[in-house]
Amino acid sequence: MGMIAAIRVRGRISIRPEIKTAMRHLRLTRPNHCVILREIQQVNGTLNRCRDYVTWGKISEATLKVLVAKWGRLAGDKPVPADLVDGIVAALSKGEKPTMKPVFRLHPPRKGWKNTKRAWPRGALGPREGMDELLKRMM
């Protein structure tokens with residue numbers, strides 16, 4: 001099973017309640033927040049429900065390691081030590097609960113979003129190829 005990175009693109013103004021609830025279940029509460037999810041049918045259905053506010057795609061293990069090392073946070077908002085990064089990445093890929101916070105608070109992407117109201121490849125929303133490239137622009 002692969003890993004999916006999901007990033008919230010748009011804010012919270014005038015969102016239908018069922019979409020707001022789905023995004024709360026995904027832990028995507030603010031723009032530019034990222035979560036790592038397993039690629040299973042339930043997650044895909046929830047992401048499709050939120051497709052007008054979120055972008056997602058497959059993430060490579062190398063990018064996941066960089067993301068955890070640079071943006072991962074432990075309890076108390078402390079950075080993840082270098083010796084724990086491999087263990088956390090292994091736990092995420094197995095589907096276990098890691099010891100760090102589930103949300104990565106990223107910067108907006110360098111050179112900005114294409115269009116926050118259109119689907120990928122013309123805009124920034126929905127499923128996408130090249131999620132690693134977007135994450136590198138946001139780190």
Point to revise | Net charge of neighbours whose Cβ lies under 10 Å from the Cβ of MET139, counting Lys and Arg as +1 and Asp and Glu as -1 | key: +4
Check your understanding: Roughly speaking, what is the centre-to-centre gap between the stretch 14-34 and the stretch 41-83 when only Cα atoms are used, to the nearest Å?
Key -> 15 Å
Review point. Over the Cα atoms of the stretch 1-100, what is the Rg over Rh ratio if Rh follows Kirkwood?
Key: 0.98
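Write out the GluC sites (Glu not before Pro) in the stretch 79-136 meeting two conditions: DSSP loop, and at most 13 other Cβ atoms within 10 Å of their Cβ.
Passing both the DSSP loop test and the Cβ count: GLU96, GLU129.
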Exercise for review: Apply the Karplus parameterisation 6.51 cos²θ - 1.76 cosθ + 1.60, with θ equal to phi minus 60°, to every residue of the stretch 73-80 and state each ³J(HN,Hα) to the nearest whole Hz, in sequence, with x for glycine and proline.
Suggested key: 10, 8, 4, x, 6, 9, x, 6
Practice item. Report the net charge of residues surrounding LEU84, where surrounding means a beta-carbon distance below 15 angstrom and charges are Lys +1, Arg +1, Asp -1, Glu -1. Key: +3
Practice item. Can you tell me the relative contact order of the chain? Whole percent, Cα pairs under 8 Å, sequence separation 6 or more. Key: 29 percent
Revision key, fill the gap. For the chain, percent of DSSP beta bridges that are antiparallel (nearest 5) comes out at 85 percent
Check your understanding: Got a sec? Which residues in the stretch 25-39 would a label at LYS58 touch, if it sits 7 Å along Cα→Cβ and we count backbone N under 12 Å?
Key -> 39
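None of the figures in this text is laboratory data; all of them are computed from the coordinates on show. Here the structure is a predicted model, which is why all the values come from computation and not from measurement. Using ideal geometry, Cβ is built from the backbone for each residue, glycine included, and neighbour counts are taken over all protein chains shown.
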